[in-house]
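The values are calculated or read from the model by the stated rules, or taken from the named source; none is laboratory data. Bear in mind that the values here come from a model prediction, so they are computed numbers and not experimental data. Methodologically, a virtual Cβ is constructed for each residue, glycine included, from the backbone with ideal geometry; neighbour enumeration extends over all protein chains shown.
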Amino acid sequence: MKREMDNTVGGLRLNHVLLFMTILAGFTAESFAQDNKRKAAELSNRPRLFFTAERIKNLRERAAEDSVFKEASDKLLERADRLLEAKLVSKQYAEGGSGQHGNYHRPSRQISDMGPTLGLAYQMTGNKRYAEKLRDAMIHYGSFNRWAGDAHHDPPWHSELNTARFCYGYAHGYDSIYDFLSEDDKKTIAESMVRLGILPTLNDWVLGEKRIHALDSMGHNWWSVCVSMAGLASLSLVDDYQQAETWARHVSDVFPEWFYYQGNILQNKPANFDTKGAFYESVNYAEYALSEYLLFRLAYSNVFGKSSAPDIPLLEDAGDFFVHSCYPASDSIMSTNFGDSSLRAKGAQTIQLLLANGYEKPEYHWYLKRTDRGLGDPVGLVYDKLNTRQTLPDDFTKSMLYHDIGWAVLRSS
C-alpha cells in the first residue's frame, strides 16, 4: 500500500501526472509561440503601408452594413481565388525578350496584381493559401536577373515602367504578409527588391552617383512612376533594411522638384505643370504620373505621419485638371485628348488618391460618381471616401485657360 501511495500524487498515478504535464507544456509552448508571433506583428506595426489594422476593421464593418461594399469585397476574394490558380511567368520567357520593355510586361503585371489582391485577401480572411501563393511568387520573380528590358541605351538603363510595377507588387506583398514570412523569406525577398528594383531605379533616376540621364528625364511621366515605386518598395523595408528609410525619405524630399520642373529650352521641354495644376503630357499621363506619386505619398504618411510629407501646393489644383478637361456624356465621362491620350482617358484613380491624401473638394466626388469610385482596386476599396450627395459647386467655372501648356477649355454649361 505504501509503495502504491509513493507513486501517486493527489490520487493520480505519477505517470498520469507526468503525461498531463507534458501535454500542458506542449500547449504552453504553442501558446507562447503564437503569443510571441502576435507580439512581433504588433511591434512591427504591419501592415502599415495601406492595409492597416484600422483600415481592415473599417472595411469589414462597411461590408457588413453596405451591400455595395459586401459585393466589392466578395469580388476581390473571387479574384484572389483565381490568382491562386495562376501560373507564374517563367524566367526563360521573361528574359527572352528584347527592346525597351522586353518580355517583362506579363510578370510585372501579374505581381502588381497579386501583391495588393492576395495581400488584402490574406488580411481580410487570415487564409494562409493567399500568403503562400504571394510568397512563392515573390521568391520566383526574385530569381530573375533583371526587372527591366534593354533598349540598348548608352549609357545603359537598368529600370523602366515594368521595374516600377514589380516594386509596387513586392511592396504590397512584403508588407501585407509580413507575419507569415519566415526570417529567411524576408531576407530573400528584401534582397531581391533592393537588387532588382530599388537600387537600379534610384541609381538610374535619382542618386546620380552611377549614372546621369543623357536627356533631362525629370520632364516626363516616367520619372514620377519609376521613382515613386522605388520609394514605395523602400518604405516596405523600413526597419528591416539599413538604408531603406534613407532612400524613402530622399525620394520624398526630391519630389517637389518634379512638380516644379520648369522645362528645358534647348531640349524643347516645357514645364511639367501649368501653374493651375494641368500636366503637359495629357490627361492619360497625368493620371499615370500623379496616381503613382499619390500612392507613395499615402504610404509615406502612414509610415512616418501625415506631417512628414512635403508641402506641394500644386496638389491643391492637380485634380481640377481632370474635371476641367472632361466632357460628361450619357454613359460616363470623356476627356479632351490632346497629346498621347484618348477620349476615354480618365483621372479617377488620381482623384480617389487625392481624397485619400486629404485633398477634399466637392467636384472630386462629382467626378467619381460619373467615372469609377475605385472599389474594384484593393487600395481604392480600403480608402474609399466618396460622398454620393456632393455636386459641382454653383460657381464652378465653365471655362479654363491653362496658359503655360497652351490648353483652353470653353463650355456652355
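Restricting attention to the range 82-96, which residues are outside any helix (DSSP H, G or I) and of a type in the set (S, T, N, Q)?
S90
Going by the structure shown, is G231 at positive phi and in contact with a helix residue (DSSP H, G or I) (Cβ under 6 Å, 6 or more places away or on another chain)?
So G231 does not fit the description; no.
Take the residues in the range 366-377 that are part of a helix (DSSP H, G or I) and closer than 11 Å to V323 by Cβ, then tell me which one is nearest to the chain's Cα centre (by Cα).
The qualifying residue nearest to the chain's Cα centre (by Cα) is L368.
Yes or no: S112 within 17 Å of the chain's Cα centre (by Cα) and in the same structural domain as M229 (by TED's automatic domain parsing)?
yes
Those residues that are of a type in the set (S, T, N, Q) and in contact (Cβ under 8 Å) with a residue 12 or more places away in the chain, I need them from the range 114-149; list them, please.
Across the range 114-149, the qualifying residues are T117, Q123, T125, S143, N145.
Residues being small (G, A, S), surrounded by fewer than 20 Cβ atoms within 10 Å (Cβ to Cβ) and out of contact with any Lys or Arg (no Cβ under 9 Å at 6 or more places or on another chain): count how many of those fall in the range 347-402.
Number satisfying all stated conditions: 0.
Tally time: how many residues in the range 292-318 are charged (D, E, K, R), more than 15 Å from Y383 (Cβ to Cβ) and either buried (at least 17 other Cβ atoms within 10 Å of the Cβ) or at pLDDT below 95 (or both)?
Adding up the residues that qualify gives 2.
Where in the range 172-243 are there helices (runs of 4 or more DSSP H), lying fully within it, with 3 or more residues that are charged (D, E, K, R) and farther than 21 Å from E281 by Cβ?
Correct list: 183-192.
Run G102 past the list (1) under 20 Å from V382 (Cα atoms); (2) more than 21 Å from the chain's Cα centre (by Cα); (3) part of a loop (DSSP other than H, G, I, E, B) and report the number of the one that doesn't hold.
Answer for G102: the failing condition is (1).
Quick check: is even one residue across the range 79-88 exposed (fewer than 15 other Cβ atoms within 10 Å of the Cβ) and within 25 Å of W157 (Cα to Cα)?
Checked against the condition, which is being exposed (fewer than 15 other Cβ atoms within 10 Å of the Cβ) and within 25 Å of W157 (Cα to Cα), the range 79-88 yields no hits at all.
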